[in-house]
Amino acid sequence: MEMNTYEKIVYSISFKSWDFDKVLAELAEEFPLERKESVRSILSQEYQKHIKKGFKAGHSDVRKAAVYESVRQAAASGEPDGAIVRLAQQGAASSALTARMVLEEYLTENIKNDGREVIKPGEYKDQALKSQTSMLMKDTTLIDDGKLAMEIFLATIKDDSYGPLAEAIKHSIGEEHEQKLKDCLTKLDIPFSDENVLRVQGYDKTPDIKLEVPISVDGHIINWIESKALFGDPEAHQGYLRDQFWSYMNRFGSGMVIYWFGYISQLDTNRSAGIILSDHFPTNIVRYKPEMIKDFSSPGDDILQVNESLGSLAIS
């Protein structure tokens, strides 16, 4: 995707409502030529940036108390289910994080009322509260208040970026695309080690795939491949370069990053330095074939034709 197109999508998002599904449908109509998964990923990332930016102010003690009281009043007045979701949309906030905030206030109130404090050995009070909150967020059937349990549940399933359900989905999508990468390599009989094997070998920062024998793609040697099931925008890419990619390059040599949901083409500026970007598994691979190395043990064969050891493979 071109930077100009990406900026138009981000600009359009900034003027829309705080309803993920509605905005996604509108963007699909506005940018019909762009991949749906790319637009969805951009929208999700923009929402997360907004949430992070206003997290401190939105989760102050005063704000927590006000939101909790609003939810209690909504329940007492007989408002339909979804009060937390509506409050989150009105405040341009995450419904799952708002639900967690409400749940923490509810648990804190209960502890004060009955005088009990369930704290595991070695935990502080706030740690125990966070642990209990996380457990109840994952299984709302354990919440004593049935009305609140329904509110928390609705808030988690409505949130596409935060909460236990959203995190589980993102993890599953990431695993799915890592497996897709491994399946492609296995199908082509390209030997590799995954990050689990590399960690056993003592590496702390590891790419998803380390090739046992390098390949060449578009004239670039590939020693490792990193799978990213998201859109490569400037902020995400710069962060990954700093925290991951340069470390991989320094330890394992040049490699490839696959942003499965697309990336801004202007970000692919480090090819000469050893990091190339793609949005799919490469279809034109040049492989090392040692059996084609010319035997120069005989007298007179003093030049090794290294280029004969490379063979190209087009993937159908």
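Which entries of K130/K158; K138/K158; K8/K52 have Cα-Cα distances beyond 18 Å here? Could you put the intermediate results ahead of the total?
Details: K130/K158 22 Å; K138/K158 14 Å; K8/K52 22 Å.
As for pairs spanning more than 18 Å Cα to Cα, those are K130/K158; K8/K52.
Springs between Cα atoms under 10 Å define the GNM used for the chain, and in it the highest mean-square fluctuation of P234, P214, P80 occurs at P80.
The HN-Hα couplings worked out from phi for segment 95-104 by the Karplus form 6.51 cos²θ - 1.76 cosθ + 1.60 (θ = phi - 60°) are 5, 5, 5, 5, 5, 4, 4, 5, 5, 5 Hz, whole numbers, x standing for Gly and Pro. Please state the shape class of segment 1-41: rounded when a/c is under 1.5, otherwise prolate if a/b exceeds b/c and oblate if not, all from the C-alpha gyration tensor. Oblate.
Just to check, using Stokes-Einstein with a Kirkwood Rh over alpha carbon pairs, what's the diffusion coefficient of the chain at 4 °C and 1.567 mPa s in µm²/s? Don't skip to the answer; put the middle values down first.
On the way: Rh = 23.2 Å.
After rounding, the answer is 56 µm²/s.
For the chain, the dipole from Cβ point charges (+1 on Lys and Arg, -1 on Asp and Glu) about the Cα centre works out to 640 debye, to the nearest 20.
Evaluating 6.51 cos²θ - 1.76 cosθ + 1.60 at θ = phi - 60° for every residue in segment 164-171, the Karplus couplings come out as x, 5, 4, 5, 5, 5, 4, 5 Hz, glycine and proline recorded as x.
With charges set only on the Cβ (+1 for Lys and Arg, -1 for Asp and Glu), what does the dipole of segment 142-269 come to about its Cα centre, in debye to the nearest 20?
Numbers: 12 positive and 22 negative charges, 68 e Å.
The calculation lands at about 320 debye.
No lab work stands behind these numbers, since they all come straight from the coordinates. Quantities reported herein were computed from a predicted structural model and do not represent experimental measurements. FYI the Cβ positions are ideal-geometry reconstructions off the backbone, even for glycines, and counts take in every protein chain you see.
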